[in-house]
1. Could you sort out which of A:K40/A:K224; A:K95/B:K41; A:K3/A:K190 sit more than 19 Å apart by Cα distance in this structure?
2. Could you tell me which of rounded, prolate or oblate describes the range B:1-103, using a ≥ b ≥ c as the square roots of the eigenvalues of the alpha-carbon gyration tensor, with rounded for a/c under 1.5 and, failing that, prolate when a/b is larger than b/c and oblate otherwise?
3. Kindly state, to the nearest 0.05, the FRET efficiency for B:L283 paired with B:D98, given R0 = 25 Å and r defined as their beta-carbon distance.
4. Eigenvalues of the Cα gyration tensor times 5, then square-rooted: what semi-axes does that give for the range B:47-194, in whole angstrom, largest first?
5. Taking K and R as +1 and D and E as -1, what net charge do the other residues with C-beta under 14 Å from the C-beta of B:L149 add up to?
6. DSSP beta bridges in the protein assembly as shown, what fraction antiparallel, as a percent rounded to 5?
7. Heavy atoms only, probe 1.4 Å: what % of the accessible area of the range B:213-298 goes to carbon and sulfur, would you let me know?
8. Considering amide H positions built from the backbone, and no H for Pro or chain starts, which residues 5 or more places from A:Y51, or on another chain, come under 5 Å of its amide H?
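The values are calculated or read from the model by the stated rules, or taken from the named source; none is laboratory data. Every value quoted in this text rests on a predicted model; they were computed, and no experiment measured them. Here Cβ is always computed from backbone atoms with ideal geometry, including for glycine, and neighbour counts include all displayed protein chains. To get the accessible areas, we keep the full protein, side chains included, count just its heavy atoms, and leave off ligands, DNA and RNA. Shrake-Rupley method; radii C 1.70, N 1.55, O 1.52, S 1.80 Å.
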Amino acid sequence: MLKLENLSKHFGGVRAVDDLSIEVNRGEVFGLIGPNGSGKSTIVNLICGVYTPTAGSIRLLGNEISGLTPNRRLVAGVARTFQNIRLFDDMPVWKNLWVAQNSTEDANKHNLLRRWFGGAGSDRDEIDALLEFSGLGGRGGELAGSLAFGEQRRLELARAVAAKPQLLLLDEPAAGMNFDEIKDLAKRIKGLREQDMSIILVEHIMELVMGVTDRIAVLNFGGKIAEGTPDEIQKSSVVQEAYLGKPQDVA
Amino acid sequence: MDDIVFYTVEIIQSIIDGVLFGSTYALIGIGFTLIFGAMHKLNMTYAAASLAGAYIGLAFFTLFDAPVMLVFLAAIVGSAGIGLIVYYICFRYIPVEDHLAALMASVGALFFIDEIVIHATNASPLTFPALFDDVMFELGPFGIRGDLLFVFAVSLISMAALWYVLYRTRLGLATRAVSQQGIAAQLCGIDIHRTNGTTFVVAGMLGGVAGSMIGASVGILSPLLTLPITIKGLIVTVIGGLGSIPGAIVAGFLVGALENVFLFVRGVNERDMYIMLLLFVFLVFRPHGIFSRRAERD
């Protein structure tokens with residue numbers, strides 16, 4: 001499904017991601033964890049095309065996508081949510097979904113003139129279903145910017161899903177959420193997996209990561225220090241060291 | 001008593017003429033504001049490109065004796081083409097966050113376009129064809145010039161067309177998405193460069209309308225028009241609020257009307273000084289434009 005091979009991203013002398021190889025299978029929820037500055041967000045930005053890699057390859061369904069612009073990557077099947085919410089604040093809720101819906105559907109279908117100046121079609125049933133899924137049913141007419149924080153997060157997830165991606169990147173989707181909201185989010189992530197969507201989850205909140213992922217990679221200093229099922233990761237001493245430091249002899 | 005009546009009639013007449021001509025200022029203001037809204041950058045060439053487009057239309061008239069409607073059409077296409085070239089030269093390849101570089105590049109392009117026009121016309125004014133310039137509608141004591149009414153109508157139709165493009169087409173959806181959240185728009189599958197380029201073309205078409213309508217109502221085109229139209233356009237943009245299209249429309253009418261009132265009351269030499277004062281009044285009390293809330297003060 002997604003294959004990162006020897007992927008590197010250097011900012012000057014800083015090796016944000018260094019020679020990293022990861023494979024994510026179809027219909028799998030893959031966790032990326034690691035201390036602050038370990039390169040998690042950089043990986044998300046590399047996969048969705050905000051950054052271009054210094055070296056290495058990114059393959060989605062066997063196709064090399066590392067040379068594509070971000071908008072072409074959406075067409076190729078990558079959608080994402082943002083750590084700091086980026087909605088179209090001055091548009092109604094449903095139009096936020098419409099933007100994503102249109103771009104994929106039409107990118108290859110129509111010629112330039114129809115694509116730009118034709119009326120924008122939308123599948124209202126699908127939008128309503130997505131709003132229902134996000135717990136925003138009946139709120140489609142409100143301005144996105146006027147929603148509460150938690151609702152905006154749900155709308156962002158819905159917008160990413162509206163593009164019908166093969167691979168969904170979630171960049172700290174639970175940041176700032178309370179316990180109930182996190183439980184809610186976990187339910188949604190599991191629902192998306194049942195639709196055969198592959199998901200990469202970058203998250204600090206361990207209850208969420210351990211609860212929904214099939215496999216986890218642990219990063220430190222831009223490299224992978226461990227990979228395995230949630231159970232294996234929880235027991236790994238390498239991981240505990242990365243997070244808590246080496247146990248010292250205090251005697 | 002008769003003096004007062006005469007005075008009032010003349011003032012109202014000035015306002016009528018001013019509002020009608022002000023529709024062209026509104027178009028220029030919309031063009032500035034449209035590009036600012038999309039890229040958060042000022043395209044200083046805009047008014048010059050609009051007038052250059054009108055010159056392209058005029059060339060068809062002088063060289064091939066083309067019908068007036070074709071002259072307007074050529075102006076629209078010409079101005080759109082110049083807009084696209086300006087986009088590629090001054091905006092496309094300059095880093096998004098480098099606002100000063102784009103500004104300087106577009107100021108350079110402004111002078112460049114101006115020089116080309118001066119060179120091509122030997123800096124002398126040329127007659128521009130008008131429509132309905134021999135028609136005059138009587139409304140009680142007031143007269144409405146047919147050519148100005150035509151200019152006004154064409155401007156309103158262009159604004160309606162722009163509204164349609166912005167709010168009823170995919171391009172409009174993409175433009176608004178890009179202006180609100182560039183990165184998210186890209187990751188929603190929108191090609192940000194193509195969208196911006198198309199925005200320049202659409203703004204350019206509007207500029208072509210504005211340029212030829214200015215030519216049609218003034219009766220001549222001259223390189224001397226570039227500077228005042230650029231300044232009026234920028235004033236309209238600021239008064240309307242950068243990025244606000246309704247603001248630019250209202251501000252265009254306002255500037256047009258007040259300009260004519262000042263012209264009548266204080267004469268042509270002082271007219272533009274008062275318009276500049278109006279700009280400062282807005283910058284101090286309503287820095288975000290006519291439709292924003294009053295400026296909060298510390």
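1. Details: A:K40/A:K224 10 Å; A:K95/B:K41 26 Å; A:K3/A:K190 22 Å.
Too far apart for the 19 Å limit: A:K95/B:K41; A:K3/A:K190.
2. Numbers: a/c = 4.19, a/b = 1.49, b/c = 2.81.
Taking the square roots of the gyration eigenvalues as a ≥ b ≥ c, the range B:1-103 is oblate.
3. Values: r = 25 Å, r/R0 = 1.00.
Efficiency for this residue pair is about 0.50.
4. Equivalent-ellipsoid dimensions as semi-axes: 34, 23, 14 Å.
5. -4
6. 60
7. On the way: 2960 of 4420 Å².
That share works out to 67 percent.
8. A:L46
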